[in-house]
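Visitor: Structure provided below as structure tokens; questions to follow.
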Amino acid sequence: MPHPATGTRTTATHCPYCSLQCGVTMTAGDRPATLVPADFPVNRGGLCSKGWSAPELLDHPERLTRPLVRAVPGDRTSPLVESTWDDALDRIVTAVRTTQDRHGRDAVGCFGGGGLTNEQAYQFGKFARVALRTSAIDYNGRFCMSSAAGAAIKALGLDRGMPFPLADVAEADVVVLVGSNPADTMPPAMQYFDAGRARGAELIVVDPRRTNTAKNASLHLQPLPGTDLALANGLLHIALAEGLVDEAYIAARTTGFDDVRAGVAGYWPDRVERLTGVPVAQQRRTVFALARGKRAIILSARGAEQHRSGTDTALAWINLALALGLPGREGSGWGTVTGQGNGQGGREHGQKADQLPGYRKITDPAARAHVAAVWGVDPESIPGPGRSAFEMLDALGTDGGVRTMLVLASNIAVSAPDARRVISRLGNLDFLAVSDFFLSETAELADVVLPSAMWAEEEGTMTNLEGRVVRRRQAMSAPDGVRDDLQSLAELAGRLGAAGFSGDAGTVFAELGRASAGGAADYSGISYDRIDAEDGVFWPCPQTPAGAPEHPGTPRLFTERFATPDGRARFHRVEHVDAHERPDAQYPYVLTTGRVLAQYQSGTQTRRSRSLQLIAPTPRAELHPDLARTLGIAQGDAVELATRRGRARFHAQVTDTIRPDVVFVPFHWGGGASANALTDPALDPTSRMPAFKVCAVAVTRVGVAEERIPAPEPAAQPQPLAHTPPTAHTPHAPSRRRTTSVKSTPRFLSGVYPITGEGLGKPGPVDPALRYQVPEGRTAQALYFRGGNSTDELVYLLLVRDGEPMRWFPIGAKGDCHVPLRVVEDLDGGTVVELHAAAPLGVTGEIVVDLGLVEV
Ligand code: SF4
């Protein structure tokens, strides 16, 4: 580890936490180190409580400063004891060799993190492919960004979270934020939203909770978790119906719109209101705001993306943006708000199972040849794609699965879905090595723990949410005995007999640039000097020929063409599917998870910060007052949440900011308050993103308000369920092309019929004509019922669906009734609908029946 000059000095660097990567100025040398916010382009002097408190942890008494090993090698019940680097690395090398000799190269796996620098992420990917020759590598960004990334690549040809600078938000006339809460997760970013609102811009927030972001919005849409796709399709339906789509843009810059046009015909506003809970008026206001704004931006985030249909949901919002002509238009576009500090760079340089540096595909022969040449290896020696993060974790210790694993900067025992199942799988490993600053819940399970340098003690680059590559400069020396992960990987690679690994960040960055050259995420024209001089450089930034001007970097993408072979963006028709788990009698509510202001990710760092603990000391389950009243729960009571995976306990926070049918818990804690002990690992079929944001939950009060909540009994380990691909409705055949109306067919069951009563408890078919079967491939919905009764007694009509009663319509003596039915559920193809009637025994007369349906 190179040491900076002794004595006090100040260094411009960046906050260790989220993707905003706020600039800070650190004063260090004479500990304790301090920092102040810098006037860097993204934070402009702002900083949140997490950033302010970050230096506290550099000298924290629980900081690991020596490698830890098991007192009895191979026995994880024996205590972790301090050891030497030599011993620790020897044990790792021995385990790697033993496992690969017995079980093959892929039996050794690597798991990385979105907090690693670009250099570390690159080196980790190279270490797996060159030193270990294993395909088994993935990272926790799979739990974070992969759905938005997959959607962006499909639609736009390139995944860079925001394809424009954050400053564009301040200039926009309307911004729609879907499933994002920057007021709590990255407060300094709110200055851009606030500046827009001060100019009269509209901020529209889509979130099941009335978050601090939503409270300041001009409009808050509060959908049921897991219904954002239906909402986006519904907004596009309205845009079409109102003639608001940009036909010229669609014709000039996109392909595939006709199929989407046909698909969204089925998302008429009333149906979308029923699916999502968002009133029609709010849907319409959102569409008109977006369409009328000269500069309009749609930003999605994890709330919309962490679902089993997360990729399709992101695609639905991209479809809307494309139809309104936003991407590539000045000051407009679609983007996704990255979460982790280097969530963007971490997925560009090879620590993802299917990627090589430069955002290259590992299956692409040309990509393999290019990267192999940089690495000085045979392209054939580079393994193919491995399993995605959860799939790798779920196969730990099994035949064909990973048996020895190296984890860098990731606390999967807390952050993985169905966390207790993952903890159980970690216990099945033959050997686990973890590199971290603290003894995280994952490190506690390891055979060897390596103490790694923290953010202020290492050199490297990060790529923030805008695609701006920034420098994390070393501001101080690491404690004796602590090493940068770059150095640890270089040392391990050498011990495994692999050459060409450096522990110097500048050397690795230069190599990363060469490896990325010509790829989608081309860093070859970026240097540390340029980053220093320009306050960061936006990729792609290819190297130019000697003597030519430097490439300026690319703050705004897609202004001329999209990154697809023909330069056009692709529409993708996507359909709403129900959440993998829906509430039922046993688990009657919807659970959603997320972050709170004063904690970050798995909390390995922030839970150890004294100042942050004062703000957010314990995890709280947010419940609506109506739900709390129903369940007999008061503010602060201990509550137990149970799902099909396990149970966890929290303090109740009764608040009307959440829907009455939804419970929210933060995921920063482990142990008895582990939100991820509850979450559903059902995976998105494209991105392999788990469905963190929605599952079915039961809530029980287990105690009065108290400071500490006893943990629940350990949960039984359920058997993993096979993932069932989402079942969408059978696509409807596109009907005649129209842009301003719904392609639907009215259907009626109507007429005047005689009735003879057999008793009110004995309804029967009125007439064979009062029967309708929904054609295969189509969907129908009952819109209204009108009925009249000529008898002197109460009668009733019964709407029967596939032989089962669906709705009752009582009609008084000589009376009539009219019932709007737009809240009745969809009738899928093949469904049979009939009308039955009942009247008191012996009563005769006539009834008038008129049931209106719409078929799409
Ligand atoms: S956590 Fe994010 S918003 Fe807060 S100071 Fe750090 S980079 Fe800035």
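Visitor: Using the alpha carbon gyration tensor of the stretch 305-354, what are the three equivalent-ellipsoid semi-axes (square root of 5 times each eigenvalue), largest first, in whole Å?
Guide: 24, 15, 10
Visitor: Report the percentage of all Cα-Cα pairs in the stretch 13-60 whose separation exceeds 17 Å, rounded to a whole percent.
Guide: 26 percent
Visitor: Just to confirm my numbers, what's the Cα centroid distance between the stretch 307-350 and the stretch 602-626 in Å?
Guide: 29 Å
Visitor: Then there is this: Compute for the stretch 146-336: radius of gyration divided by Kirkwood radius, i.e. Rg/Rh, restricted to C-alpha atoms, rounded to two decimals. Intermediate results must be reported in sequence, preceding the final value.
Guide: Working: Rg = 14.9 Å, Rh = 16.1 Å.
Ratio of gyration radius to Kirkwood radius for the stretch 146-336: 0.92.
Visitor: From the backbone phi of the stretch 223-235, what are the Karplus-calculated ³J(HN,Hα) couplings (6.51 cos²θ - 1.76 cosθ + 1.60, θ = phi - 60°) in whole Hz, Gly and Pro given as x?
Guide: Working through the residues one at a time gives x, 5, x, x, 10, 5, 5, 4, 5, 4, 4, x, 5 Hz.
Visitor: Something else now. Calculate, in whole percent, how much of the Cα-Cα pair population of the chain lies beyond 56 Å.
Guide: Counting pairs separated by more than 56 Å, the tail of P(r) holds 14 percent.
Visitor: Provide Val774, Val69 in ascending order of the number of other Cβ atoms located within 10 Å of each residue's Cβ, fewest first.
Guide: Val774, Val69
Visitor: What nm value, rounded to one decimal, do you get for the distance between Thr398 and Thr756 when each label is placed 7 Å out toward the C-beta?
Guide: The answer from the label model is 6.4 nm.
Visitor: I've got another one for you. Take the stretch 589-703, drop everything but the C-alpha atoms, weight them equally and run the Debye formula without solvent; then report log10 I(q)/I(0) at 0.12, 0.23 Å⁻¹ to two decimals.
Guide: Rounded to two decimals, the profile gives -0.41, -1.31.
Visitor: Subtract the Cα-Cα distance of Glu380 and Lys361 from 0.36 nm times their separation in residues, and report this length gain in nm to one decimal.
Guide: Answer, rounded to one decimal: 5.4 nm.
Visitor: Taking Lys762 as the anchor, which lysines have their alpha carbon closer than 28 Å to its alpha carbon, excluding any fewer than eight residues away along the same chain?
Guide: Of all the lysines, those that pass the test against Lys762 - Cα under 28 Å, at least 8 places apart if same chain - are Lys814.
Visitor: Can you grab the distance from the C-alpha centre of the stretch 432-469 to the C-alpha centre of the stretch 6-66, Å, no decimals?
Guide: Value for the Cα centre distance between the two parts: 16 Å.
Visitor: For Phe538, list long-range residues whose amide hydrogen, built 1.01 Å from N in the peptide plane, is under 5 Å from its own amide hydrogen.
Guide: Here Val469, Thr554 satisfy the definition.
Visitor: A further question follows. Residues in the stretch 304-343 near a label at Arg199, defined as backbone nitrogen under 12 Å from the 7 Å Cα→Cβ point?
Guide: Label zone hits: 331-332.
Visitor: Another question, if that's okay. Over the Cα atoms of the stretch 1-108, what is the Rg over Rh ratio if Rh follows Kirkwood?
Guide: Details: Rg = 20.3 Å, Rh = 17.5 Å.
Rg divided by Rh gives 1.16.
Visitor: Under the rule a/c < 1.5 gives rounded, and otherwise a/b versus b/c splits prolate from oblate, where does the stretch 353-488 land using the Cα gyration tensor?
Guide: oblate
Visitor: Using a Förster distance of 41 angstrom, determine the FRET efficiency expected from the C-beta separation of Asp584 and Asp59, and round it to 0.05.
Guide: 0.25
Visitor: Still on this structure, I have one more. For the stretch 423-434, in order, what is each residue's ³J(HN,Hα) by Karplus, 6.51 cos²θ - 1.76 cosθ + 1.60 with θ = phi - 60°, in whole Hz (x at glycine and Pro)?
Guide: Values per residue, Gly and Pro as x: 4, 4, 5, 4, x, 7, 5, 6, 7, 10, 10, 10 Hz.
Visitor: May I pose another question? Quantify how much of the Cα-Cα distance distribution of the stretch 463-586 extends past 25 Å, in percent.
Guide: 49 percent
Visitor: Okay, moving on. Run through all the Cα pairs of the stretch 135-222 and give the fraction in each 5 Å bin from 0, expressed as whole percent.
Guide: The distribution over the stretch 135-222 is 3, 13, 19, 21, 19, 14, 7, 3, 2, 1, 0, given as percents.
Visitor: What is the Cα coordinate range of the stretch 272-311 on the first, second and third principal axes, sorted by size from largest, in whole angstrom?
Guide: 33, 26, 12
Visitor: Can you tell me how much longer the chain between Thr98 and Asp802 gets when fully stretched, taken as 0.36 nm per residue apart minus their C-alpha distance, in nm with one decimal?
Guide: Gain on stretching Thr98 to Asp802: 247.3 nm.
Visitor: Can you give me the relative contact order of the chain as a percent, contacts being Cα pairs under 8 Å and 6 or more apart?
Guide: Result for the chain is 15 percent.
Visitor: Related question: Sequence-distant or interchain residues sharing an amide H contact under 5 Å with Ala682, placed H: which?
Guide: Ala691
Visitor: Quick check on the exposure proxy: order Ser180, Ser49, Ser300 from fewest to most C-beta atoms within 10 angstrom.
Guide: Details: Ser180 25, Ser49 18, Ser300 29.
Lowest count first: Ser49, Ser180, Ser300.
Visitor: Near the amide H of Arg568, under 5 Å away, which other amide H atoms are found, from residues 5 or more places off or on another chain, if H is placed in the peptide plane?
Guide: Close amide H contacts, sequence-distant or interchain: Phe562.
Visitor: What ranking do 253-264, 505-516 get when scored by the average of other Cβ atoms within 10 Å per residue, highest first? Before the final figure, lay out the partial values.
Guide: Details: 253-264: 19.8, 505-516: 22.3.
Highest mean packing first, the order is 505-516, 253-264.
Visitor: If you average the C-alpha positions of the stretch 359-400 and of the stretch 192-236 separately, how far apart do those two centres end up, in angstrom?
Guide: 40 Å
Visitor: Still on this model: If the cut-off is 17 Å between C-alpha atoms, which lysines fall inside it for Lys215, apart from same-chain ones fewer than 8 positions away?
Guide: Qualifying lysines at Cα under 17 Å: none.
Visitor: Here is a further query. First measure r as the distance between the Cβ atoms of Phe748 and Ala251, then evaluate 1/(1 + (r/R0)^6) with R0 = 25 Å and state the FRET efficiency to the nearest 0.05.
Guide: 0.05
Visitor: Hey, another quick one. When a footprinting reagent is the concern and you count Cβ atoms within 10 Å, what order do Thr13, Thr655 take, fewest first?
Guide: Thr655, Thr13
Visitor: For the stretch 488-503, what does the Karplus curve 6.51 cos²θ - 1.76 cosθ + 1.60, with θ = phi - 60°, yield as ³J(HN,Hα) per residue in whole Hz, taken in order and with x for Gly and Pro?
Guide: So the J values, rounded to whole Hz, are 4, 5, 5, 5, 5, 4, x, 5, 8, x, 9, 9, x, 10, 10, x.
Visitor: Using only alpha carbons, build the gyration tensor for the stretch 745-855 and give me the equivalent ellipsoid semi-axes, biggest first, whole Å.
Guide: Details: eigenvalues 122, 36, 25 Å².
After scaling each eigenvalue by five and taking roots: 25, 13, 11 Å.
Visitor: Can you pick out the pairs among Lys126/Lys361; Lys361/Lys693; Lys294/Lys693 whose Cα atoms lie more than 22 Å from each other?
Guide: Lys361/Lys693; Lys294/Lys693
Visitor: Which part of the stretch 674-696 falls in the paramagnetic zone of Asp826, meaning amide N under 19 Å from the point 7 Å along Cα-to-beta-carbon?
Guide: Output list for this probe position: 685.
Each reported figure results from applying straightforward, stated rules to the coordinates on display, with no laboratory input. Quick caveat, the model's predicted, so the values are computed rather than measured. Note: ideal-geometry Cβ built from the backbone for every residue, glycine included; neighbour counts use all protein chains shown.
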